[in-house]
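The values are calculated or read from the model by the stated rules, or taken from the named source; none is laboratory data. In this text, all values refer to a predicted model and were calculated from it rather than measured experimentally. Quick reminder, even Gly has a Cβ in these numbers, built from the backbone with ideal geometry, and neighbours come from all protein chains shown. Protein only, heavy atoms only, side chains kept; ligands, DNA and RNA dropped before computing areas. Shrake-Rupley method; radii C 1.70, N 1.55, O 1.52, S 1.80 Å.
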Amino acid sequence: MTEFAPSLPPTLDDIASAEGHALPDRAELAGRPYALPIDLLGERYGPIFYADFNGFRKLYVCSMDLVDELCDEARFAKNITQTLDRVRPLAGDGLFTAYHGEPNWQKAHDVLLPGFSYAGLRNYHEAMLDINAELISRWDARVGQSRVNVSDDLQKLAMDTVALAGFGARFASFDHDGLAPIPQCFMSALTEAVTHGETAEFIAGRTLLHNYFDELIAGHRAAGTGADLLYVMLDHDGGPALDTANIRNQIMTFLIAGQLTTSELMPNTVYNLIHHPAVLARVRRDVDAVFGTDDDYLPSYDDIGKLGYLRQVISETLRLSPPVLTFDRMALADTVIGGKYPIKAGEAVTVLVGALHRQPQWGDNVELFDPDRFDPDQTAGRSPALFKPFGTGARSCIGRQFALHEATMLIARLVHRYHLVDSQHYVLQW
């Protein structure tokens, strides 16, 4: 493999291919509200097949046994493919978009890992609660007056939480009908990079973002100490840790993670609760047992860890609706998977997460929303290769506990405070 280049798929003979074929339509997904067209590709062509539905040819796998092999860190690692390479102009060598072996990935990972540990998460609980309170205030003002758009508001909450806990910024998204200026600039730049590349419009947006980040960095350097992640990046073990360009890339990465993952997980979880009243009732009982009778109760960090059944609900939501649909695994040396599929060093195979989460090992009725799948007695004997919403290995999502804590606290406060009603009889759409 050429050093620091996106990995290409292997070229194999006698492999099923979905290339050139239309994706399954809505009629084929009838009665399966959670499944996406690409999930059905796994059923139709899997467990290993070629497809080009995202504009680039990839070799996809979705069976437990093949994924288990690909998750072997001694044989495979993450390297970005052409799909993710389109995000490089915005996020550069950030944790999400760094090439395998790119030196700043390891340096940034080592610097940031303590900040995302269980101990580190305590530092961000108050920031999460701060933004959480802004949403509660907004919804309180709408009671008896108008409906709320859950998805849009939780998107704003996710972005503002990342901003405050990540780099001490206040986007004030709830003061705007749409996205606040900086989140809107970020989303526009991301969309432009993915669809058109480094255009003049993209460069102007990126420059605005860099200027904004540089002001934050300068302010943090002047302040010296603080609790957010930007301070972690600026002052690691008493000295400078990451250079300014890489810090900007990490901030972009935090925004990608907050915008494209947590902001999908939270409304999907709310949808599942509203459409499964027995599950909602059990979650409310558990939350009320911890929070008590005070509607205004502000949970502590440790309170959130007591909500085990709600975490099962969130895990089942991640199983049926993983925000990140795929992840890539590059061969570190020539190898063979499945006993017959040769993969050369530097080539990448892509795991299709939604199809993996619907494999027969999950039992009957894989499309049924059932949080009991994640009861400790059920998970004890299950292969870890079956559940991969956050990727795998050293380059799995470093912020997954941040996201889970944020989502758990948000959902808990909503069910404790409000009687949630789907007034429009919403149906999941793709």
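Some observations on this one:
Table: residues versus (1) open to solvent by less than 20 Å² (accessible area, probe 1.4 Å); (2) touching a Gly at 6+ places or on another chain (Cβ under 9 Å).
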site	(1), (2)
H21	no, no
A27	no, no
A30	no, no
I38	yes, yes
E43	no, no
G46	no, no
I80	yes, no
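- Residue within the range 116-136 that is open to solvent by 30 Å² or more (accessible area, probe 1.4 Å), on the phi > 0 side of the Ramachandran plot and not hydroxyl-bearing (S, T, Y) present: no
- Per-region count, the range 172-201, residues touching an Asp or Glu at 6+ places or on another chain (Cβ under 6 Å) and crowded, with 22+ Cβ neighbours inside 10 Å: 1
- Screening T207, T161 for residues that are closer than 26 Å to I398 by Cβ and at pLDDT 95 or above leaves exactly one candidate, T161.
- Residue within the range 90-99 that is of a type in the set (G, A, S), in contact with a Phe, Trp or Tyr (Cβ under 6 Å, 6 or more places away or on another chain) and part of a loop (DSSP other than H, G, I, E, B) present: yes
- Flag if L95 is open to solvent by less than 30 Å² (accessible area, probe 1.4 Å) and on the phi < 0 side of the Ramachandran plot: yes
- Residue count for the range 184-214 under the criterion of being within 20 Å of T244 (Cβ to Cβ) and not small (G, A, S): the result is 12.
- Checked against (1) surrounded by 14 or more Cβ atoms within 10 Å (Cβ to Cβ); (2) touching an Asp or Glu at 6+ places or on another chain (Cβ under 6 Å); (3) not small (G, A, S), K344 passes all but condition (1).
- Scoring P103 on the criteria (1) closer than 22 Å to V415 by Cα; (2) open to solvent by 20 Å² or more (accessible area, probe 1.4 Å) leaves a single failure, condition (1).
- Counted residues, the range 185-235 - those being of a type in the set (D, E), within 24 Å of the chain's Cα centre (by Cα) and under 27 Å from F56 (Cα atoms): 1
- All of (1) outside any loop (DSSP other than H, G, I, E, B); (2) under 21 Å from C62 (Cα atoms) hold for A403 with one exception: (2).
- Qualifying residue in the range 44-58 (condition: among the β-branched types (V, I, T), closer than 28 Å to I256 by Cβ and in contact (Cβ under 8 Å) with a residue 24 or more places away in the chain): no
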